């Protein structure tokens, strides 16, 4: 913190240490314990200074250990932006103009995993909980992509976790966007096809009731697949792929223009490779 | 709230009203103002009862008006799950077993908008802020998909907002996943192609410095596109599409198997339609 002399009290009042962002805002990351009243005085003095400096958005990141300061920030006009298990991010907008604070993450990402071997057998599971519990329906493995995890990594990980089968990622065959799925958030579900690199199933004990290789005809013949258009559409994509006539999107590592980090670009590489390269 | 008699004090202690979820958990939505100490007593009695009932996860949704209760919940062992401007969601795990609390949304979703007319002119803009400000680079319009918003709706909305041009959504040509983009979250960026339904540009004043139709050759010839592999890859997809030899994913409304709501399933409809339908 910096020390300044408050105009009102002539007492030294500390200011919060803010780091400027590229949108004219200030970010404060609180770390040390602070008394409620001291925090209020410090926050008021800091906002007053930022206002004079023409700052716009003010971000305060409060680790959960400093939960005693949340109420103070809200009473000074801050609101919640987002939270993770270890911290709460609060935000305040200084100018009169409408706020341009970016929204928090809006989507969760899931994968459906179509693993098929050379005998046209498909890897299927029954789960111990969830929507299909006790229904007798054999489903393809599914899972959630973690924050910071590549879709293809998540696909390989989930198959391995649920069934012990090692796989190679091939393509995204299609994807679905849906809304109000969890905590009001939207969902992107990627249907992926993978090639098995092993065949002996070792199912996960806590979540998986049963796992096996099933002829794809038997999978498709299940009444759930026949009755529900989305399940049928997913099966149609898989069949088209097996028949060799369907190009999905394959991941191509591509460097970010800014950081140079490699990120996966998914595209129809079959069509791209046969396409003339110039206009 | 329900009334029970506490074993310790023989005083009536109210219990929180919880709604059971399908994973053996309890959800509490706090609405009315409550004194800090009363909340603590109520929370303790409620958790004791839920523990006896074998409940697992406990969710408490606190509207921002009840910020005075956040500290109490954290001191009783709750942690932050997620937050939105109007509320904070806290969670607690009763059993000894490892918690299976689902993660919060992990991705933001963006769109890159390739709008091309019959003269092979592309709709390009220069922005008033951001990475390309002052660089002279003409970029395709981009934007963020809102929570609850369809990708194709967001695509049409962003082009209209930035340039006034009405469009018809055609295809997703490819998408990129990247990490640590905003607040530690990951990002999915969909490159979309749209057909313009109008031609007179009316640029947005606050964000857009300039907007125009540009021959696609001139767009591609820009040094940024030539120097950066990702920008070049995006341009290659667009050129392949214009040449008529590239199939992206088109949205097909498909009913959810559970709610019956229509959600967009994106797939290679060109290949699917020419594929034999059976195994």
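The values are calculated or read from the model by the stated rules, or taken from the named source; none is laboratory data. What you are looking at is a predicted structure, and each value in this text was computed from that prediction instead of being measured. For neighbour counting, all protein chains shown are included, and Cβ atoms are generated from backbone atoms with ideal geometry for every residue, glycine included.
Quick notes
- Residues located in region B:141-154, provided they are out of contact with any helix residue (DSSP H, G or I) (no Cβ under 8 Å at 6 or more places or on another chain) and either farther than 16 Å from residue B:265 by Cα or in contact (Cβ under 8 Å) with a residue 60 or more places away in the chain (or both): B:147, B:150, B:151, B:152
- Residue that is modelled with the highest pLDDT, among those in region B:98-110 that are over 19 Å from residue B:20 (Cα atoms) and more than 9 Å from chain A (Cβ to nearest Cβ): B:110
- For region A:56-95, the set of residues classified as more than 10 Å from every other protein chain (Cβ to nearest Cβ), at pLDDT 95 or above and more than 29 Å from the chain's Cα centre (by Cα) consists of A:76, A:77, A:94, listed by residue number.
- Residue within region B:125-142 that is facing another protein chain (nearest Cβ under 9 Å), at pLDDT 95 or above and under 18 Å from the mean Cα position of the chain (by Cα) present: no
- Single residue of region B:127-146 satisfying the filter (surrounded by fewer than 19 Cβ atoms within 10 Å (Cβ to Cβ) and touching a strand residue (DSSP E or B) at 6+ places or on another chain (Cβ under 8 Å)) that is nearest to residue B:193 (Cα to Cα): B:142
- Candidates are the residues of region B:111-124 that are within 14 Å of chain A (Cβ to nearest Cβ) and part of a strand (DSSP E or B); the one that is surrounded by the fewest Cβ atoms within 10 Å (Cβ to Cβ) is B:121.
- Residue within region B:222-245 that is assigned to a strand (DSSP E or B) and either touching a residue at least 12 places away in the same chain (Cβ under 8 Å) or touching a helix residue (DSSP H, G or I) at 6+ places or on another chain (Cβ under 7 Å) (or both) present: no
- Out of B:250, B:206, one residue alone is farther than 15 Å from residue B:124 by Cα, in contact (Cβ under 8 Å) with a residue 40 or more places away in the chain, more than 8 Å from chain A (Cβ to nearest Cβ) and outside any loop (DSSP other than H, G, I, E, B). It is B:250.
- Subset of region A:165-186 [more than 9 Å from chain B (Cβ to nearest Cβ) and touching a residue at least 40 places away in the same chain (Cβ under 8 Å)]: A:165, A:167, A:169, A:170, A:171, A:181
- Lone unmet requirement of (1) at negative phi; (2) surrounded by 15 or more Cβ atoms within 10 Å (Cβ to Cβ); (3) out of contact with any helix residue (DSSP H, G or I) (no Cβ under 8 Å at 6 or more places or on another chain); (4) at pLDDT below 95 for residue A:183: (1)
- Counted residues, region A:179-203 - those being closer than 30 Å to residue B:82 by Cα, outside any strand (DSSP E or B) and touching a strand residue (DSSP E or B) at 6+ places or on another chain (Cβ under 7 Å): 1
- Among the residues of region A:64-95, those that are assigned to a loop (DSSP other than H, G, I, E, B) and in contact with a helix residue (DSSP H, G or I) (Cβ under 8 Å, 6 or more places away or on another chain) comprise A:76, A:85, A:86, A:94.
- Odd one out for residue A:212 among (1) under 23 Å from the mean Cα position of the chain (by Cα); (2) assigned to a strand (DSSP E or B); (3) surrounded by fewer than 23 Cβ atoms within 10 Å (Cβ to Cβ): (1)
- Filtered residue count, region A:253-279, keeping only those that are more than 7 Å from every other protein chain (Cβ to nearest Cβ) and either in contact with a helix residue (DSSP H, G or I) (Cβ under 6 Å, 6 or more places away or on another chain) or buried (at least 16 other Cβ atoms within 10 Å of the Cβ) (or both): 2
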